[in-house]
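The values are calculated or read from the model by the stated rules, or taken from the named source; none is laboratory data. On a predicted model such as this, the values are computed, not experimentally measured, just so you know. Virtual Cβ from ideal backbone geometry, glycine too; neighbours counted across all protein chains shown. Remember, those area values only see protein heavy atoms, side chains included, never the ligands or the DNA or RNA. Shrake-Rupley method; radii C 1.70, N 1.55, O 1.52, S 1.80 Å.
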Amino acid sequence: MSENKPHYASLPGILKEFGNSRRIIAGVILTYEFDPLLALSLARTELLQFDADPGEGCLRFKGAFPACLFHDPKRSRNEVTFPGDFEIHYKAKTGVACHHSKSYAFAHSDGTFTLVLGSLNLTEPGLLTNRETLLLFTLDDDSETSVRKLFGQWRDFLEQNYRSNTPSAGLANYLDLLNRKLQATRPNTSDSDVDNPLQLITSGYDSPSPSGLEQLKNFCQKQALEPTRLLVVSPFFDHDPKRKNLLKDFKETFPYLEAVSMFSTFDDWGATFFEPFRKESLGPCENSRIRCFQIPKTISEDEAECIDCFHSGERTSIKNKRELTRELHAKIVLLCDESGKSVLYIGSANFSSKAWLGENFELGVAGVLPKGSLPTNWDQKFVKKLLNVETEKLKLKPDDVKLSADPTEEESTDPTPPVWLESILLMHSASGEPSPNEISGRFRFYVRKGEKLPELGDFTFEFGSTPILLVWPENNSGDYFV
């Protein structure tokens, strides 16, 4: 990567590159937050086209590709009014846990498949302004065995955790297409036993499934990696390190770890957070095994110019704004041994107990990096190359410092959906005219395993700011007007 030409990537850029020859014919999107107002942002980038007055919500993605979208109903910013060929599912977890996975998967008219995994939600900041990380994989006739196996893992993950719980024509169509492609591109017998350098890492899904941390451990063992160094980039952590501290869990899971490098936007770090890595004989500021860095929110004029150049005028220029800032939203874990062999994780999981120990729905991918020496300041150089940002080294404070709580991703809003609700499919209303202060549509409710749909008179809850009240059943198929 050239120092003078930093590389950027974005979902809008990826979608634009598909073109007519790789038209999207099916898609699956997993996200935490889905902002319907994002439609206006995408329209500015010409990824959406207006079918009618935008005030009526009549928007389609360019090409109107069919897709099913799963997001967390506890974090909807508005009422969802997204017609076209989209199936919109509200996939919920009980309690304060959330559906935090993020992925964008597409089947194309030329028989290829695209899978994007990373940290970005389907919101304007997630697509255009945040510091995010993403990995893009393409399945075609010439794909390597590791990529074919990753798509096989992705297929199995969707079959087990989404198709089995939420019947969906869009999801079924995508999976049928992917199955046929995988059957046609099976790996050769000679390479079927080769260890896969890529592994889908999930967390919080069907229990007996191991946690994300356990899966990362198992992957490192398969790669014969006994890491001694840990690098973390995350915007959010366990709020109170005395009560919960994922760093301790990592140290217990990888007992040979001796050094840790933490990157975030915080001004201060307290010694309590790093207790598993501290030596009693050394003061917190003397311990060279603990390195803390601040990723600045304010961006330089050079970076602003690079971003404007990358977006090629598709959005309002940020270069001339009075205050140039970018929020950190990337989630990265890097484990290294002394030889320089490394395993890199990129995905949806913040460095928190909820994310890695199985409470939230989380999704990411781990891969093996080529072996190389670890030079001085290797951690800063790695983050500089990956995020194109200069970082500042901080000193530990001897007293306790509670890290900033995550107001949107680690804390769910109230009220939560009913405990019996697995997910909801929003469909167009075939009849009925809503009053000016109401929305009308058909909702198919999918009941959580072991639960029952309540009686009609008992059905009422709030979705965001909207009270949901069951009015009457439309037919015996499970569809209702609300």
Starting with the highest mean, order 10-18, 251-259, 354-362, 227-235 by the number of other Cβ atoms within 10 Å, averaged over the residues of each peptide. 354-362, 227-235, 10-18, 251-259
Between residue 275 and residue 376, what is the FRET efficiency for a Förster distance of 35 Å, r being their Cβ-Cβ separation, to the nearest 0.05? 0.85
How many nm separate the modelled label positions at residue 302 and residue 209, each set 7 Å beyond the Cα in the direction of the Cβ? 4.3 nm
At 0.36 nm per residue, and after removing the present C-alpha to C-alpha distance, how many nm does the segment from residue 392 to residue 310 gain when stretched out fully? 27.0 nm
Using a 1.4 angstrom probe and counting only protein chains, how large is the accessible area of residue 338 in Å², to 10? 110 Å²
Given points 7 Å out from each Cα along the Cα-Cβ axis, report the residue 141 to residue 180 separation in nanometres with one decimal. 1.6 nm
Using a 1.4 Å probe and ignoring any ligands, DNA or RNA, find the accessible area of residue 268 and quote it in Å² to the nearest 10. 60 Å²
Here FRET efficiency (C-beta to C-beta, residue 420 to residue 218, R₀ 35 Å, nearest 0.05) is 0.55
Along the Cα→Cβ direction, 7 angstrom out, place labels at residue 195 and residue 8. What is the inter-label distance in nm? 3.8 nm
Full-extension gain in nm, residue 160 to residue 384, via 0.36 nm per residue minus C-alpha separation: 76.8 nm
Of 269, 420, which has the most accessible area and how do the rest follow, probe 1.4 Å? 420, 269
